[in-house]
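So the structure is just underneath, and the comments pick up after that.
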Amino acid sequence: MFGWWRSSQRSALPGAQPPDVPEAGRLLAVGDIHGCLEQLKGLLERVRPSPEDRVVFLGDYIDRGPDPRGVVEFLLEFGRKFPRSVFLKGNHEAMLLDFLADREQFPFLLNGGEATLESYREAGKVRIPKEHLDFFESLPCSFETDAFIFVHAGLRPGLSLHAQREQDMLWIRDEFLASDYDWGKIVVFGHTPLREALLSRNKIGLDTAAVYGRHLSCCDVERRQLWRYP
């Protein structure tokens, strides 16, 4: 299905290993997709995941872009092919769940939700398959390894991961971005659109605004190797 091929367009970042380092067992993170299925396919063709890799998707798979449903279909198939994959919840998945549960309607619609509803429209009605609903409802807010914390938006400074509120993990921006607080691990996040991927001492930011015409980004967070598409 995926047709992986090795790309010469990988860019070495500060601290990256040489390109000939074996690529088995990588820890990869993918930034916000927002319905950009073709960009997602193109990016993963360059990354060429293997079954030994763990790919962490940082949330915001839907809304704004041209094919939210197609992205979810692709990710479900990707998860079957690569069962070590991790799919985190983004604020847009949270807004969709609130919309479907009649908790809040307007935030979802005001933030690109109409594109998602249209992608699921069949014979004039919005029909979201149960497998997709189960996917949205199963998404965790964070994933942790020995050296990294993966989360959609960021963490509130001064609090451990286990003391964080879901609202902050899905929505926080300025307080997190401006902080040099040490959570004891590098925080890998999306949510805030950046002109280029951010790689700093305590943060890796990977929302590079694919849905606004820039790039979709993936990072091997241990080697600090970056791919982007286009």
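Quick one: would you say Glu104 is of a type in the set (Asp, Glu) and either at pLDDT below 95 or part of a loop (DSSP other than H, G, I, E, B) (or both)? Walk me through how you get there before you give the answer.
Details: of a type in the set (Asp, Glu): yes; either at pLDDT below 95 or part of a loop (DSSP other than H, G, I, E, B) (or both): yes.
When the stated conditions are applied, Glu104 passes them.
Among Leu226, Leu216, Leu170, Leu199, which is the only one that is closer than 19 Å to Glu93 by Cα, touching a residue at least 24 places away in the same chain (Cβ under 8 Å) and either among the acidic types (Asp, Glu) or touching a Leu at 6+ places or on another chain (Cβ under 9 Å) (or both)? It would help to see each step written out before you state the result.
Working: Leu226 fails: closer than 19 Å to Glu93 by Cα; Leu170 fails: either among the acidic types (Asp, Glu) or touching a Leu at 6+ places or on another chain (Cβ under 9 Å) (or both); Leu199 fails: closer than 19 Å to Glu93 by Cα.
Within the list Leu226, Leu216, Leu170, Leu199, the selection yields Leu216.
Applying the selection to the range 208-226, what residues are touching a Ser or Thr at 6+ places or on another chain (Cβ under 6 Å) and open to solvent by 10 Å² or more (accessible area, probe 1.4 Å)? Walk me through how you get there before you give the answer.
Initially, the range 208-226 is screened for residues touching a Ser or Thr at 6+ places or on another chain (Cβ under 6 Å), giving 208, 214-215, 217, 226.
Selection gives Arg214, His215, Leu226.
Taking the range 184-207, which residues are touching a Cys at 6+ places or on another chain (Cβ under 9 Å) and open to solvent by less than 10 Å² (accessible area, probe 1.4 Å)? So that I can check it myself, show each step before the final result.
At the first step, the residues of the range 184-207 found to be touching a Cys at 6+ places or on another chain (Cβ under 9 Å) are 188, 197, 199, 204, 206.
Residues satisfying the conditions are Val188, Ile204, Leu206.
Given the structure, is Ala147 in contact with a helix residue (DSSP H, G or I) (Cβ under 8 Å, 6 or more places away or on another chain), open to solvent by less than 70 Å² (accessible area, probe 1.4 Å) and at pLDDT 95 or above? Spell out how you get there, then give the answer.
Values: in contact with a helix residue (DSSP H, G or I) (Cβ under 8 Å, 6 or more places away or on another chain): no; open to solvent by less than 70 Å² (accessible area, probe 1.4 Å): yes; at pLDDT 95 or above: yes.
Answer is no for this residue.
Just to be sure I understand, how many residues within the range 69-106 are over 30 Å from Gly25 (Cβ atoms) and open to solvent by 60 Å² or more (accessible area, probe 1.4 Å)? Before the answer, list the steps.
Of the residues in the range 69-106, the ones over 30 Å from Gly25 (Cβ atoms) are 69, 91-92, 94-106.
Next, only the ones that are open to solvent by 60 Å² or more (accessible area, probe 1.4 Å) stay: 100, 102-106.
Residues meeting the conditions: 6.
So which residues in the range 56-68 are more than 25 Å from Thr145 (Cα to Cα) and open to solvent by less than 50 Å² (accessible area, probe 1.4 Å), if there are any at all? Don't jump to the end; show me each part of the working.
Of the residues in the range 56-68, the ones more than 25 Å from Thr145 (Cα to Cα) are 62-68.
Within the range 56-68, Ile62, Asp63, Gly65, Pro68 qualify.
Scan the range 46-77 for residues that are in contact (Cβ under 8 Å) with a residue 60 or more places away in the chain and in a helix (DSSP H, G or I) and jot them down.
Selection gives Arg46, Val47, Arg69, Val72, Leu75, Glu77.
Given (1) buried (at least 19 other Cβ atoms within 10 Å of the Cβ); (2) farther than 22 Å from Glu137 by Cβ; (3) small (Gly, Ala, Ser), where does Gly42 come up short, assuming only one miss?
Condition not satisfied by Gly42: (1).
Looking only at the range 107-127, count every residue that is open to solvent by 10 Å² or more (accessible area, probe 1.4 Å) and assigned to a loop (DSSP other than H, G, I, E, B) and tell me the total. Before you say what the answer is, go through the steps one by one.
Step one: filter the range 107-127 for residues open to solvent by 10 Å² or more (accessible area, probe 1.4 Å), giving 107, 109-112, 114-115, 117-119, 121-127.
Narrowing further to those that are assigned to a loop (DSSP other than H, G, I, E, B): 111-112, 123-124, 127.
Final tally of qualifying residues: 5.
The values are calculated or read from the model by the stated rules, or taken from the named source; none is laboratory data. All values reported here derive from a predicted model rather than from experimental measurement. Neighbour counts are summed over all protein chains in view; Cβ atoms, including those assigned to glycine, are modelled from backbone coordinates with ideal geometry. Just so you know, the surface numbers come from the protein's heavy atoms only, side chains and all, with ligands and any DNA or RNA stripped out. Shrake-Rupley method; radii C 1.70, N 1.55, O 1.52, S 1.80 Å.
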